[in-house]
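The values are calculated or read from the model by the stated rules, or taken from the named source; none is laboratory data. Please read all numbers here as calculations on a predicted model, not as lab measurements. Methodologically, a virtual Cβ is constructed for each residue, glycine included, from the backbone with ideal geometry; neighbour enumeration extends over all protein chains shown.
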Amino acid sequence: MKIKKQITAGLSALALSLTVSVSAPVAAADEGPIKVGILHSLSGTMAISESTLKDTMLMLIKEQNENGGLLGRKLEPVVVDPASNWPLFAEKARELLAKDKVDVIFGNWTSVSRKSVLPVVEELNGLLFYPVQYEGEESSENVFYTGAAPNQQAIPAVNYLMNQVGVKRWVLAGTDYVYPRTTNKILEAYLKDHGVADDDIMVNYTPFGHSNWQSIVSDIKTFGSQGKKTAVVSTINGDANVPFYRELANQGIKAEDIPVVAFSVGEQELSGIDTGPLVGHLAAWNYFMSVDTDANYDFIDKWVAYTGKEDAVTNDPMEAHYIGFNMWKEAVKKAGTTDVDAVKDAIIGVSVPNLTGGYATMMPNHHITKPVLIGEIQDNGQFSVVWQTPSTVAGDAWSDYLPGSKDLISDWRKPLHCGNYNVVTKSCGGKSEVAAE
Amino acid sequence: MSIIRSLKQLLIVCLLSLPVLGHAQANDEQAQSLLTQLADASYAQKGKIAGEIARSGDERARGWLEAFSAGKLAKVEDSGKFVIVLSNRGRNWTVQDALTGDDLGEISRRDLDTIRVNNSLRSEIDGILSVIDLTVNDADKRLEAARGLRGNVDEAMAKKLTELMASEEDADVKATLDEALAIYKVEEQGDIGAVKTLSGSLNSEARAALNSATYSDDPALKQAAQDALASIETKLKWNRAAETLYFGLSLGSVLVLAAIGLAITFGVMGVINMAHGELIMLGAYTTWGMQQMLPGQPGLALILSIPAGFLVSALAGVAIERSVIQFLKGRPLETLLATFGISLVLQQLVRTVISPLNRTVVTPDWMSGSIMVNEALSLTLNRLYIIGFALVVFVGLMLIMRKTRLGLEVRAVTQNRAMARSMGIKATKVDIMTFALGSGVAGLAGVALSQITNVGPNLGQNYIIDSFMVVVFGGVGNLWGTLVAGLSLGTINQLLEPWAGAVLAKILVLVFIILFIQKRPRGLFPQKGRAAEG
């Protein structure tokens, strides 16, 4: 019965996306529905994370339509499936912008897919809202980064461990790709700036989907038994986390001894495991489902009602889409049009409520302000917030701790209008990315 | 008369019970105020208040502290009543009054303020509870409590422990307590005598204490600590070697399980089945399905999944063989492409029908945790079971291939199809049976893998390359080769991993296999005889 329902749901979603992409009429600007492109993988490896974001967007759009749409026009979602295939992301983005003529795109999860889409949205002058925490070192005129930059997640988390927990030895463990490598580079520089010796830092990379963690966990155990408080900073991505945590529990490493703070483990990832043995391990995000605010509880109620699943969870990238969608909405209202250039100018400085009881503001560097929350895993798969920044933190596109990027700033307002302005040489670098690799 | 007497009695009862009632009320008031303090305090103060609660002598204190440490002590926002959360799943939580123990039913999460706890508080409370546990009758419980105390002793506790040690009868508990005290003494007081107690201990807290003592200003203490550490280090070396070997065997057994089905379909039949990984995935999903059908009995479900997983994958295998592979006999490239297509179809089918999200497969209690050989060496149970399971599957397959009629026919058909057919063997039937057997074994691998990795649509993809590697390295068509190849590749990988890192270790193993195949194209155990030449 349930399966049947899911099949029909799947089929109707398929039918929807087919009709939508086939019957796209060529509408003149400011007439007919406003088109919102959704560029999230619905199949392949990333479907596990990205399909939820597609549903989030559909829910937000539906709700907006029920409230009368935007500028008196209906919103129409255009869903495409880039199938976790990075080059396909670029093709699908081109299809959305050139063929379907969408007014805005919400999409992407992995950094590599964003890098693949970047030249397309810049060439065709589109708008992309990117909802996931990332490694920074990028600022594009056409992209709005509603997820956390390293200074909104990694650095505060390390500060918490250093100052509140008293950690002296650090394991930086990550999956082998651009986000963990860049984040760890920043963290290593930051730790060394704060007097941590080389010997007290262990860096370890594993391939995507790594499942045999025995010897690495055993190494961490040995590294952590040298008499100094040790913590693991984990940028391990995706489902490799489940066997990692399972191995930690099996080898008897408790959070009280060696806490693991993760930047990619959220409620959704935890819904795949029994979290009993993981209680006390940490995660740093800008939102947790357990946050005690009415805005959040209302959002959860809506999400449960929309998905029809009592055990549906919400997570940080969903909040980022919630914020991003509302910001875009406000900017369109302010500009009175969906014209990309007008919206781009109007959105800077727009403030909308977030789900944690504060406000998010779009900064001139296309990043937003966010509170940083440190949560400990509970036995029900949720996080309990143990620490948070006293106020919101503005996202920094260019890290202050990397030699190549510390002199760069990004400001898309006129007259500067530059994504990588070098404050020392007083010139605009001209490219949207230089220092990352 | 009697009325007066009973009235008198009533009065006495009332009088007697009055102070008791008053006492209980006072207790509740005190408890309420302590819990309120706990709720309002900062993290730094909460530990102190938890200590006060423990010392208050209230018999409910233990329950409160346990609930607090588990993050399940909460305050109802409107009434200020304290409750213990019994179930914290979903949006409405089942709660119980913390003071009276009354069942309060379900309360919305919105109306509850959980009293927050963090790691350091949790270990502080564990310490407090351990001290309480040290006075219970059960020696095992005392031992566990004593173990938990190592590295968590503070000054107040040290005094108490010295007292408790004097009256302790159980030798193990006594030794552990002694160690816990010695760790405290080395760390806080730099006691040389205590260093001797710790020398030879494999406990990591002890090692940490000795390590910190080597930074001491006192040369005698420094020397003693270094000597003690050196003796521990030699012991550890052996333990680490044993551990690496265990890791290697366990990774190896996973490879063997994943590859052995392929050793039959690819090795014996010569069919390049790229959908092999998805047959493994089906086995893993069967385990999940069984656990859904038998809620609350994950162990039973897992055991039943062994035959069920075999059947499901075997049937899927037969379907693939009948629908596609039989028409592509002798055309390896087409087979490869077609089965690759099937693998994508199966993956997307699972994504659409079940969910793109990973499914939770519960590990039964008897498979979680580890067996502690000594303090430095413990064997994780789930891996131990899988090593055993892999061997059982291997022996079972060997028996089928060597001792049964089916095995004989399979070997006959693969060695010389035409000859076998002219001897009256139905080659088509043998093909189906063999493919079903190989696929079924893949399903068994899936059941085992569900215990150590993610059950999701991509499960199979992660193992298909490794499986082919093992079969080719071991020698196509040879089950022994698969066993030896799987175990040795696993061990090599685990030996390389600590110094090369996981990514490089994988590359090195691949390079090694390429070089090996250059030298010996037929693998470790090449098939001999004329049949192999063709």
First in the range B:214-226 and in contact (Cβ under 8 Å) with a residue 24 or more places away in the chain and under 18 Å from B:Ser201 (Cβ atoms), second anywhere and among the β-branched types (Val, Ile, Thr) and not in a helix (DSSP H, G or I), Cβ under 8 Å, 6 or more apart: B:Ala225/B:Thr214
Matching residues, the range A:133-157, being at pLDDT below 95 and β-branched (Val, Ile, Thr): A:Ile155
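Between A:Leu127, A:Leu97, which is over 22 Å from the mean Cα position of the chain (by Cα) and outside the structural domain of A:Gly238 (by TED's automatic domain parsing)? Talk me through it step by step, then tell me what you get.
Numbers: A:Leu127 fails: over 22 Å from the mean Cα position of the chain (by Cα).
Among A:Leu127, A:Leu97, only A:Leu97 is over 22 Å from the mean Cα position of the chain (by Cα) and outside the structural domain of A:Gly238 (by TED's automatic domain parsing).
Of the residues B:Thr162, B:Thr135, which is within 24 Å of B:Asp58 (Cα to Cα) and hydroxyl-bearing (Ser, Thr, Tyr)? Lay out the reasoning, then the answer.
Numbers: B:Thr162 fails: within 24 Å of B:Asp58 (Cα to Cα).
That would be B:Thr135, the only listed residue that is within 24 Å of B:Asp58 (Cα to Cα) and hydroxyl-bearing (Ser, Thr, Tyr).
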Leading residue by the ranking (surrounded by the fewest Cβ atoms within 10 Å (Cβ to Cβ)) among those in the range A:385-434 that are touching a Phe, Trp or Tyr at 6+ places or on another chain (Cβ under 8 Å) and within 14 Å of chain B (Cβ to nearest Cβ): A:Val385
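If you check B:Ser79, B:Ser69, B:Ser56, which single one turns out to be of a type in the set (Ser, Thr, Tyr) and without any contact (Cβ under 8 Å) to a residue 12 or more places away in the chain? Show your work before the answer.
On the way: B:Ser69 fails: without any contact (Cβ under 8 Å) to a residue 12 or more places away in the chain; B:Ser56 fails: without any contact (Cβ under 8 Å) to a residue 12 or more places away in the chain.
Testing whether each residue is of a type in the set (Ser, Thr, Tyr) and without any contact (Cβ under 8 Å) to a residue 12 or more places away in the chain leaves just B:Ser79.
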Condition broken by B:Ser87, with the remaining ones in (1) within 27 Å of A:Gly252 (Cα to Cα); (2) surrounded by 14 or more Cβ atoms within 10 Å (Cβ to Cβ); (3) within 14 Å of another protein chain (Cβ to nearest Cβ); (4) at pLDDT 80 or above satisfied: (2)
Residue in the range B:373-385 that is buried (at least 20 other Cβ atoms within 10 Å of the Cβ), within 7 Å of another protein chain (Cβ to nearest Cβ) and either in contact with a Phe, Trp or Tyr (Cβ under 9 Å, 6 or more places away or on another chain) or on the phi > 0 side of the Ramachandran plot (or both) present: yes
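May I ask you to list the residues in the range B:243-252 that are surrounded by 15 or more Cβ atoms within 10 Å (Cβ to Cβ) and either more than 13 Å from every other protein chain (Cβ to nearest Cβ) or not aromatic (Phe, Trp, Tyr) (or both)?
Answer for the range B:243-252, where residues must be surrounded by 15 or more Cβ atoms within 10 Å (Cβ to Cβ) and either more than 13 Å from every other protein chain (Cβ to nearest Cβ) or not aromatic (Phe, Trp, Tyr) (or both): B:Glu243, B:Thr244, B:Gly248, B:Leu249, B:Ser250, B:Leu251, B:Gly252.
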Residue in the range B:342-364 that is surrounded by 14 or more Cβ atoms within 10 Å (Cβ to Cβ), away from chain A (no Cβ under 14 Å) and either in a helix (DSSP H, G or I) or in contact with a strand residue (DSSP E or B) (Cβ under 9 Å, 6 or more places away or on another chain) (or both) present: yes
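Could you tell me whether the range A:184-197 includes any residue that is of a type in the set (D, E, K, R), touching a strand residue (DSSP E or B) at 6+ places or on another chain (Cβ under 7 Å) and not in a loop (DSSP other than H, G, I, E, B)? Give the steps one after another, and end with the answer.
Keep residues of the range A:184-197 that are of a type in the set (D, E, K, R), which gives A:185, A:188, A:192-193.
The next check asks that each one be touching a strand residue (DSSP E or B) at 6+ places or on another chain (Cβ under 7 Å); those that pass are A:188.
Narrowing the set further to residues that are not in a loop (DSSP other than H, G, I, E, B) leaves A:188.
Yes, the range A:184-197 contains a residue that is of a type in the set (D, E, K, R), touching a strand residue (DSSP E or B) at 6+ places or on another chain (Cβ under 7 Å) and not in a loop (DSSP other than H, G, I, E, B).
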Selection from the range A:307-325 of residues that are away from chain B (no Cβ under 14 Å) and without any contact (Cβ under 8 Å) to a residue 40 or more places away in the chain: A:Glu319
Conditions (1) modelled with pLDDT under 90; (2) surrounded by fewer than 23 Cβ atoms within 10 Å (Cβ to Cβ); (3) at negative phi; number of the one not met by B:Gly501: (3)
Test: residue in the range A:270-288 that is among the polar types (S, T, N, Q) and touching a Pro at 6+ places or on another chain (Cβ under 9 Å): yes
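Here is a list: A:Glu319, A:Glu330. Which entry is at pLDDT 95 or above, charged (D, E, K, R), in a helix (DSSP H, G or I) and under 20 Å from the mean Cα position of the chain (by Cα)?
Numbers: A:Glu330 fails: under 20 Å from the mean Cα position of the chain (by Cα).
None of the others qualify; the one that does is A:Glu319.
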Matching residues in the range B:215-242 - criterion: being modelled with pLDDT of 80 or more, within 14 Å of another protein chain (Cβ to nearest Cβ) and closer than 17 Å to A:Gln226 by Cβ: B:Lys222, B:Ala225, B:Gln226, B:Ala228, B:Leu229, B:Ile232, B:Glu233, B:Lys235, B:Leu236, B:Lys237, B:Asn239, B:Arg240
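For the range B:115-150, what are the residues that are within 14 Å of chain A (Cβ to nearest Cβ) and over 29 Å from the mean Cα position of the chain (by Cα)? I'd like the intermediate steps shown before the answer.
Of all residues in the range B:115-150, those within 14 Å of chain A (Cβ to nearest Cβ) come to B:115-130, B:144, B:147-150.
Scanning the range B:115-150 gives a single hit, B:Ile115.
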Number of the exception - A:Phe383 against (1) assigned by TED's automatic domain parsing to the domain that holds A:Val117; (2) within 20 Å of the chain's Cα centre (by Cα); (3) of a type in the set (A, V, I, L, M, F, W, C): (1)
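Quick one: how many residues across the range A:182-202 are touching a residue at least 40 places away in the same chain (Cβ under 8 Å) and within 14 Å of chain B (Cβ to nearest Cβ)? Quick ask: steps written out before the conclusion?
Quick first cut of the range A:182-202, residues touching a residue at least 40 places away in the same chain (Cβ under 8 Å) only: A:182-187, A:189-190, A:193.
From the residues that got through so far, the ones that are within 14 Å of chain B (Cβ to nearest Cβ) too are A:184.
So the answer is 1.
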Selection within the range B:138-152 - modelled with pLDDT of 80 or more and either of a type in the set (S, T, N, Q) or assigned to a loop (DSSP other than H, G, I, E, B) (or both): B:Asp138, B:Arg150
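Can you confirm whether B:Asp140 is surrounded by fewer than 13 Cβ atoms within 10 Å (Cβ to Cβ), among the charged types (D, E, K, R) and more than 25 Å from A:Gly252 (Cβ to Cβ)?
Details: surrounded by fewer than 13 Cβ atoms within 10 Å (Cβ to Cβ): yes; among the charged types (D, E, K, R): yes; more than 25 Å from A:Gly252 (Cβ to Cβ): no.
No: the conditions fail for B:Asp140.
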